[in-house]
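A.B. asks: I'd like to ask some things about the structure below.
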Amino acid sequence: MKDIIVTLKPSMTISKFIFFGTLISIPILLFLCNRSSSSSALISTTTSNSYSDLKIRPGYATYDSYIKKQLNKTLNPTLRKIWTTRDWDRKIQVFSKFFGELKTRKLVSDSSKVLCIGARMGQEVEALKRVGVQDSIGIDLVPYPPLVVKGDFHNQPFDDHIFDLEFSNVFDHALFPEKFVSEIERTLKPSGVCVLHVALSRRADKYSANDLYSVEPLKKLFKRSELLHTRTVDGFGLDTEVVFRKKR
C-alpha cells in the first residue's frame, strides 16, 4: 500500500500543475484577445482624450491600413494628372505669395534651408525656389524627384536640427499628431520656424485622419516652441495659418 501511494504522488502533482496552469493562462488569453480587438479604438481615442479640440477619426485598425488609405489618394492617376497640369501654376502662384509674405516678415530668407511636409508633387517647393529660397525640399509617401523625396512625416528621414523653416498644409492627415509635431521640433534648428495651414471652420476631406477645432491643441503639441501668430488665410480649403518658433 505504501508503494502505491508513492507512485501516485507524482501523477497528482502533475495534474495539479496542469490545473493551476490553466487557471492562470485563461485571464492572460482573455487580456490579449481584448487588447487585439480594441487596437483600432486605442488609435482613435489616444489623442482625443488628451486634446478636446482635436479628434482622431476612427476606422484605422493598424498603421498599415492608414498608410494604404493615404496612398489611395496620393497615387490616384486622375489626381496626379490634375496636380501636375491644371493645378500646377495656380498653386505655385498662391504658395509664392505665402512665402513672399514670410520673407517680408523675416521668417525665411534666401539662405534658409526649408522642408515642405506632405508636398505631393512639390508645388510648395517650386514656389520657394521661385521666390529665391533655393535650398528647399519636400517629403511625401510617394517621391516626385527632384522636388520631393520619399518620407513619412511621422518619422522624418533627416537628422536633428537641419531646417530653418518647415511648412505643412497636411496636419489633418496625421494619425499621430504628437509624433507629427515632435518630428518637426526634432528636425528644426533652434529658433527655427514652423508654419502650418489648417482648417478650423470646416471639416477636411475623406482622407484626413483628424479634425482640428481650435488652435489650442497645437499650442499644447508644440512643447518646445512658442506661438508667434495666427491669421486667416485662403489656402485651398484651409483657413488658418499658425506659426511657431522653436525655443533656443
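A.B. asks: Go through the stretch 94-112 residue by residue and tally those that are in a helix (DSSP H, G or I), in contact (Cβ under 8 Å) with a residue 24 or more places away in the chain and polar (S, T, N, Q). Please lay out each step first, then the result.
C.D. replies: Filtering the stretch 94-112 for residues in a helix (DSSP H, G or I) gives 94-104.
Narrowing further to those that are in contact (Cβ under 8 Å) with a residue 24 or more places away in the chain: 94-96, 98-100, 102-103.
Cutting the leftovers down to polar (S, T, N, Q) gives us 96.
Of the residues in the stretch 94-112, 1 are in a helix (DSSP H, G or I), in contact (Cβ under 8 Å) with a residue 24 or more places away in the chain and polar (S, T, N, Q).
A.B. asks: For the stretch 174-204, give me the residue count where each residue is out of contact with any His (no Cβ under 9 Å at 6 or more places or on another chain) and in a loop (DSSP other than H, G, I, E, B). So that I can check it myself, show each step before the final result.
C.D. replies: From the stretch 174-204, those out of contact with any His (no Cβ under 9 Å at 6 or more places or on another chain) are 177-178, 181-182, 184-185, 191, 193-203; that's our starting set.
With in a loop (DSSP other than H, G, I, E, B) added as a condition, the list becomes 199-203.
Final tally of qualifying residues: 5.
A.B. asks: Which residue pairs have Cβ atoms closer than 6 Å, lie 6 or more positions apart in sequence or on different chains, and pair a first residue in the stretch 158-179 that is at negative phi and touching a residue at least 12 places away in the same chain (Cβ under 8 Å) with a second residue that is assigned to a loop (DSSP other than H, G, I, E, B) and open to solvent by 50 Å² or more (accessible area, probe 1.4 Å)?
C.D. replies: What qualifies is Phe163/Lys113; Asp164/Lys113.
A.B. asks: A further question follows. (1) under 24 Å from Ser112 (Cβ atoms); (2) at pLDDT 95 or above; (3) open to solvent by 40 Å² or more (accessible area, probe 1.4 Å): which one isn't true of Phe236, the others all being true?
C.D. replies: Here Phe236 meets the rest and fails (2).
A.B. asks: Additional query: Output the residues belonging to the stretch 215-233 that are open to solvent by 20 Å² or more (accessible area, probe 1.4 Å), closer than 16 Å to His197 by Cβ and in contact (Cβ under 8 Å) with a residue 24 or more places away in the chain. So that I can check it myself, show each step before the final result.
C.D. replies: From the stretch 215-233, those open to solvent by 20 Å² or more (accessible area, probe 1.4 Å) are 215-216, 219-220, 223-224, 226-232; that's our starting set.
Filter again for closer than 16 Å to His197 by Cβ, leaving 215, 227-232.
Matches in the stretch 215-233: Val215, Leu228.
A.B. asks: Pick out the one residue from Gly118, Gly100 that is among the small types (Gly, Ala, Ser), touching a Phe, Trp or Tyr at 6+ places or on another chain (Cβ under 7 Å) and open to solvent by less than 30 Å² (accessible area, probe 1.4 Å).
C.D. replies: Values: Gly100 fails: touching a Phe, Trp or Tyr at 6+ places or on another chain (Cβ under 7 Å).
The match here is Gly118.
A.B. asks: Another one. Do you know which of the residues in the stretch 131-148 that are surrounded by fewer than 17 Cβ atoms within 10 Å (Cβ to Cβ) and not charged (D, E, K, R) is nearest to Leu102 (Cα to Cα)? Before you say what the answer is, go through the steps one by one.
C.D. replies: We begin by selecting, within the stretch 131-148, every residue surrounded by fewer than 17 Cβ atoms within 10 Å (Cβ to Cβ); these are 132, 134-135, 142-143, 145-146.
Now restrict to residues that are not charged (D, E, K, R): 132, 134, 142-143, 145-146.
On the way: Gly132: 12, Gln134: 15, Val142: 27, Pro143: 26, Pro145: 25, Pro146: 24 Å.
Top of the filtered list is Gly132.
The values are calculated or read from the model by the stated rules, or taken from the named source; none is laboratory data. Predicted model, so just to flag it, every value in this text is computed and none were measured. Backbone-built Cβ (ideal geometry, glycine too); neighbour counts: all protein chains shown. Each accessible area value is taken on the protein alone, full model and side chains, heavy atoms only, with ligands, DNA and RNA left out. Shrake-Rupley method; radii C 1.70, N 1.55, O 1.52, S 1.80 Å.
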